[in-house]
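**Student:** Let me begin by handing over the structure; questions about it come next.
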Amino acid sequence: MVNSKMEEADNTAKSELNARWNAEIAQMETDKLLPPIANAEDEKDAGVQARRRLFKIAIEYGDPETGKILPLRKAAELMQKLDKAEDNGPVPGAYAPVAGAGGTPTPPSNKPYDLIRGKRTDVIVAEARERGEI
């Protein structure tokens, strides 16, 4: 008896959730955030693939500690931003040459190592000022 009441409450909660999600998805279709489903049996249908990706993003960007998913509207907006970023190609400068990656190294300075060996930095700076180098 208790189990049947629990199952009934669980089924009621599931049907309320499904009804709310269906209403949100229908609104997103009218707002052009999701393409409509032309053939629900076809796995390659754009609407079916979009919904699969929508829920994948909602789960991926949700809160794993509480088990909550990202709200579907936010997931759809994020999906559009991700698609737009992919369409724009790589970021500017992604294939730019790296400075100093090739060529000749800079020659060593003409200062002998004896000028700095075993000395503190403040002493080295003071001596360089005396010589007029800084």
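Bear in mind that the values in this text are calculations on the coordinates, not laboratory data. Remember, predicted model here, so these are calculated numbers, not experimental data. FYI the Cβ positions are ideal-geometry reconstructions off the backbone, even for glycines, and counts take in every protein chain you see.
**Student:** Calculate the spin-label point distance for Lys119 paired with Ala94, positioning each point 7 Å from the Cα along the beta-carbon direction, and give it in nanometres.
**Tutor:** Each label point lies 7 Å from its Cα, and together they span 5.0 nm.
**Student:** May I pose another question? Just add up the charged neighbours of Ala13: K/R +1, D/E -1, any other residue whose Cβ is under 14 Å from the Cβ of Ala13.
**Tutor:** Computed value for this residue: -1.
**Student:** Pick from Leu70, Leu82, Leu115: which is most flexible by mean-square fluctuation in a GNM of the chain where alpha carbon atoms under 10 Å apart are linked?
**Tutor:** Highest fluctuation among the options: Leu115.
**Student:** Given that just one value was derived from the coordinates, which of (1) 2.24; (2) 1.12; (3) 1.03 is Cα Rg over 2.2 N^0.38 Å?
**Tutor:** Label of the calculated value: (1).
**Student:** With springs only between Cα atoms under 10 Å apart, run a GNM on the chain and tell me which of Glu65, Glu77, Glu41 wobbles the most.
**Tutor:** In this elastic network of the chain, the residue with the biggest mean-square fluctuation among Glu65, Glu77, Glu41 is Glu65.
**Student:** For region 1-66, which trypsin sites (Lys or Arg not before Pro) are both in a DSSP coil and crowded by at most 14 other Cβ atoms within 10 Å?
**Tutor:** Sites meeting the loop and neighbour criteria: Lys32, Lys44.
**Student:** Run the reach check for Lys119 against lysines, Cα to Cα strictly under 25 Å, same-chain hits fewer than 8 apart removed. What comes back?
**Tutor:** Within reach: Lys111.
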